[in-house]
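The values are calculated or read from the model by the stated rules, or taken from the named source; none is laboratory data. Quick caveat: nothing in here was measured; it's all calculated off a predicted structure. Don't worry about glycine lacking a Cβ; one is built from the backbone with ideal geometry, like all the others, and counts go over all protein chains shown. Just so you know, the surface numbers come from the protein's heavy atoms only, side chains and all, with ligands and any DNA or RNA stripped out. Shrake-Rupley method; radii C 1.70, N 1.55, O 1.52, S 1.80 Å.
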Amino acid sequence: MRKLLIIGFVGLLLVAGLLLNRKNSAAQSAPAMPTPQAGPAGSINQDPSSPDALTSFKVSNPYCYQPDPAADQCYINFRSIQATDNQSSAPYMTWLTISISGKNRYGGTAFFEGTINYTYDAVPGGLQVPCGAPNSGNAGNQFGQVYGVVITPLDSNRNPMSTDTANVTCPAYAP
Amino acid sequence: MRQYRFVSLFICLLLLICVSGSTRTQAESTAVTLTVSNPYCAQSVPASPICWINVRNISATSSDPNFLGVQITVNGKTRAFFSQFFETSVTINKNMLGKGLQVNCGLPNASGQPDYGLQYSVGISGIVSGGSPTTDTANVFCPYFVTRVYMPAVYR
């Protein structure tokens, strides 16, 4: 009977030790994830001549992804963008553009409305760009190009009312 | 004797339960709160060797001013990076990645599971500049792909 108790006790100790080790391992054994080198998220620049006309301008979660690792094709998109004009004083917001590397890639229009909304499904899949070689954007070897994506609400004379520039980091193309 | 056998069997059973595989590991960091739901792999065309990995939704929140965003890796290769733009959170849903992240489905039993193809390690990390990431790692099993070769009928 005593031997039974000893065996049972040793077994319980073993089990407890394994459980504890597993919990600690789960906390410590997470794979080392490459960290993008620190850099600014971007910049916000509001036109000083129209601070009252544009009441709200929000850009959320710019991102870049690589659907096929064998192709040098990445896609940039935003979770959402929203620009709102008070419509009570000029200048009035008329367009919203998204530019990548100086090239306009999206143009939204306010159609008798004071708000332009953009969500990721406005451009299914996103805006295609080259991913770039590892570290081509100085963000680490897991990453390729870093694009400065410019989002600009424009007034009826095509003058910028505000400018947001989001630094978007893309995965590397490393076949 | 019977009691010895019973106790030994009981201990063996407990050991088996403890060493069974885990499909998720998480390193806790106080800087980023990370929530991941339903990573999955789908084969939209059964005659194709292409599968698509995606996640139903991901949410990362941090009050740390050095919070950069969320990184998604597949078998250690970075496939997506979601930034914060003067925000304290990143929210991702499955529709933001189009069809998903393309991978090879793999042959039957390629992962050791007879009804599946390859297994992929999908890493989702909340990244803080100069700090430790908060990482969730999910083991995702893909449907298998079977090549079919159709021989011509030859009449003599």
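So if I place +1 on the C-beta of Lys and Arg and -1 on the C-beta of Asp and Glu, and nothing else carries charge, what would the dipole magnitude of segment A:50-114 be about its Cα centre? I want it in debye, nearest 20. Write down the numbers at each step before the final one.
On the way: 4 positive and 5 negative charges, 14 e Å.
Its charge dipole is roughly 60 debye.
Would you grab the residues whose amide H sits under 5 Å from the one on B:Leu68? Only those 5+ places off in sequence or on another chain, please, with H modelled 1.01 Å from N.
B:Ile127, B:Val128, B:Ser129
Short version: ³J(HN,Hα) in whole Hz for each residue of segment A:121-127, in order, from phi by Karplus 6.51 cos²θ - 1.76 cosθ + 1.60 (θ = phi - 60°), x for Gly and Pro, what are they?
My calculation for segment A:121-127 gives 7, 5, 10, x, x, x, 9 Hz in order.
Could you tell me the distance between the Cα centroids of segment B:91-117 and segment A:64-108, to the nearest Å?
Value for the Cα centre distance between the two parts: 30 Å.
By its C-alpha gyration tensor, with a ≥ b ≥ c as the square roots of the eigenvalues, how is segment A:76-124 shaped: rounded for a/c under 1.5, else prolate for a/b larger than b/c, else oblate?
Values: a/c = 2.65, a/b = 1.72, b/c = 1.54.
Because a/c hits 1.5 or more and a/b exceeds b/c, segment A:76-124 counts as prolate.
Kindly provide log₁₀ I(q)/I(0) values, in the same order as q = 0.14, 0.22, 0.24, 0.25 Å⁻¹, from the Debye equation applied to equal alpha-carbon scatterers of segment B:56-156.
Evaluating at q = 0.14, 0.22, 0.24, 0.25 Å⁻¹ gives log10 I(q)/I(0) of -0.65, -1.12, -1.24, -1.30.
Please list the three semi-axes, largest first and in whole Å, of the ellipsoid equivalent to segment A:99-165, using sqrt of 5 times the eigenvalues of its alpha carbon gyration tensor. Kindly include the intermediate steps, with their values, before the conclusion.
Values: eigenvalues 170, 39, 16 Å².
Over the Cα atoms of segment A:99-165, the semi-axes work out to 29, 14, 9 Å.
Ignoring ligands, DNA and RNA, how much accessible area is buried between chains B and A, both sides summed, with a 1.4 Å probe, to the nearest 100 Å²?
Numbers: alone 10630 and 10970 Å², together 17680 Å².
When B and A are taken together, about 3900 Å² of accessible area is lost.
Out of residues 5 or more away from A:Thr94 or on other chains, whose amide H comes under 5 Å of its own, with H placed 1.01 Å from N in the peptide plane?
Distant-sequence amide H within range of A:Thr94: A:Leu154, A:Asp155, A:Ser156.
Could you pull out every residue, at least 5 positions away or on a different chain, whose amide H is within less than 5 Å of the one on A:Tyr173? Hs are placed 1.01 Å off N in the peptide plane, and Pro or chain starts have none.
A:Gly132, A:Ala133
So which chymotrypsin sites (Phe, Trp or Tyr not before Pro) in segment B:114-156 end up in coil per DSSP with only 11 or fewer other C-beta atoms within 10 Å? Please report the intermediate quantities before stating the final value.
Details: sites: B:Tyr116, B:Tyr120, B:Phe141, B:Tyr144, B:Phe145, B:Tyr150, B:Tyr155; in loops: B:Tyr116, B:Tyr144, B:Phe145, B:Tyr150, B:Tyr155.
Of the chymotrypsin sites (Phe, Trp or Tyr not before Pro), the ones in loops of segment B:114-156 whose Cβ has at most 11 other Cβ atoms within 10 Å are B:Tyr150, B:Tyr155.
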